[in-house]
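The values are calculated or read from the model by the stated rules, or taken from the named source; none is laboratory data. None of the values given here were measured: they were computed from a predicted structure. Every residue, glycine as well, gets a Cβ built from its backbone with ideal geometry; the counts of neighbours run over all protein chains shown.
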Ligand SMILES: NC(=O)c1ccc[n+]([C@@H]2O[C@H](COP(=O)([O-])OP(=O)(O)OC[C@H]3O[C@@H](n4cnc5c(N)ncnc54)[C@H](OP(=O)(O)O)[C@@H]3O)[C@@H](O)[C@H]2O)c1
C-alpha cells in the first residue's frame, strides 16, 4: 500500500494514476473526498495534515509514503514522519526542491530552508528515502491563464528570464519509480528533476499560443508592478520583490542547468514545455 499526500494536486493526480496503472494499492489523501474526483481504484481517505487528526489510521498497513509539503509542511512533516515510523512504513519519497543545494546557502532563503528542513526530518527518521528535487514547475505558468484568456497578453518584468520548466507527470513518474523500486537503486538518492530544455518566459508564452491556436504575447512591466501583481495572502510583497529580482538574474542564465534525471530514472526523456502546453491548452482557452 502506498499513501499519497496531496493526491488531488498537480503531481498527486498523475502519481495516483501512474501507481494504479502499475498495479499498486494506493491510499489517496484529501481534505474533501466528496470533491476529490479521484479514481475508484484508489482508497480515498479524508485527511487534514495541518489539523489535529490522528495520523495513525492514514498510514496503517502502508509500505511507502509520498510526502508533498503542499499538503502540510513544517511541524506537519515531523508529525507525519513520526507516524510513518510508528506505523511500520518502510519508505518515504519526499517531493523536495532544487533550491536545496546541500550547502550553507540552504539557510539563506525560505524555499530552500523549508525543503532542506523536511529532507533532514526524513533522513533522521531512519526510513528508506528518495528526494525528488524539482526545478520550476510548468504548472506555475497556469498563473498566466486568466490574462491569456482575457487578452492574450502576459505581463512580466523579465520576458527573457530562462528556466527549464518541468511537467508534473515527469515529477510523478520519477516519484513512482522510487516508490515502487525493489532494486534499492533509488534509495538515498536526491534527484534534481528539470524539464528537458531551457526556455525563456517569452518562448513559454509563445508555446501556449501554439497550443491554443490563439496569438499570445508578453508585455514587459516594471519589477515593482510585477511584484505587486504577484503578492498576496501567501506571498508578502517583500518576498514577491525578491522573486522578481531572482527572475531578473535568470535573464543571463537559468538558475539550474538541465538535468537528465527523468530519463535516467524512468528510461524516457522528460516531457517538453510544448507538450505541457498542449496537455493544458484547455486551461488557457
Ligand atoms: N512550484 C514550483 O515550482 C515548485 C518547485 C519545487 C518544489 N515545489 C514543491 O511542490 C509543492 C507543490 O506540489 P503540487 O503542485 O503537486 O501541489 P498542489 O497542486 O498545490 O497540491 C497540493 C494538494 O495538497 C492538498 N492539501 C492542501 N492543504 C492540505 C492539508 N492541510 N492537509 C491535507 N492536504 C492538503 C490539496 O488537496 P485537497 O484540497 O484535496 O486536500 C492539494 O490538492 C510545493 O508546495 C513545493 O513544496 C514546487
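A few notes on this one:
- Put simply, of 119, 43 the only residue that is within 21 Å of residue 261 (Cβ to Cβ) and surrounded by fewer than 23 Cβ atoms within 10 Å (Cβ to Cβ) is 119.
- Close pairs from the range 169-187: first assigned to a loop (DSSP other than H, G, I, E, B), partner surrounded by fewer than 24 Cβ atoms within 10 Å (Cβ to Cβ) and at pLDDT 95 or above, Cβ under 6 Å, at least 6 apart: 187/128
- Count of residues meeting criterion [part of a helix (DSSP H, G or I), closer than 20 Å to residue 239 by Cα and either touching a strand residue (DSSP E or B) at 6+ places or on another chain (Cβ under 7 Å) or modelled with pLDDT of 95 or more (or both)] in the range 113-138: 3
- All helices (runs of 4 or more DSSP H) inside the range 218-285 with 1 or more residues being farther than 21 Å from residue 207 by Cβ: 223-230, 237-249, 261-266
- Residue within the range 74-90 that is crowded, with 19+ Cβ neighbours inside 10 Å, away from the ligand (no atom under 16 Å from the Cβ) and in a loop (DSSP other than H, G, I, E, B) present: yes
- Unique residue being within 23 Å of residue 183 (Cβ to Cβ), within 11 Å of the ligand (Cβ to nearest atom) and out of contact with any helix residue (DSSP H, G or I) (no Cβ under 7 Å at 6 or more places or on another chain) when the list is 123, 133: 133
- Hey, residue 52 out of contact with any helix residue (DSSP H, G or I) (no Cβ under 8 Å at 6 or more places or on another chain), within 15 Å of the ligand (Cβ to nearest atom), outside any helix (DSSP H, G or I) and free of Cβ contacts under 8 Å to residues at least 24 places away in the same chain or not: yes
- Tally of residues being more than 8 Å from the ligand (Cβ to nearest atom) and part of a helix (DSSP H, G or I) across the range 18-38: 6
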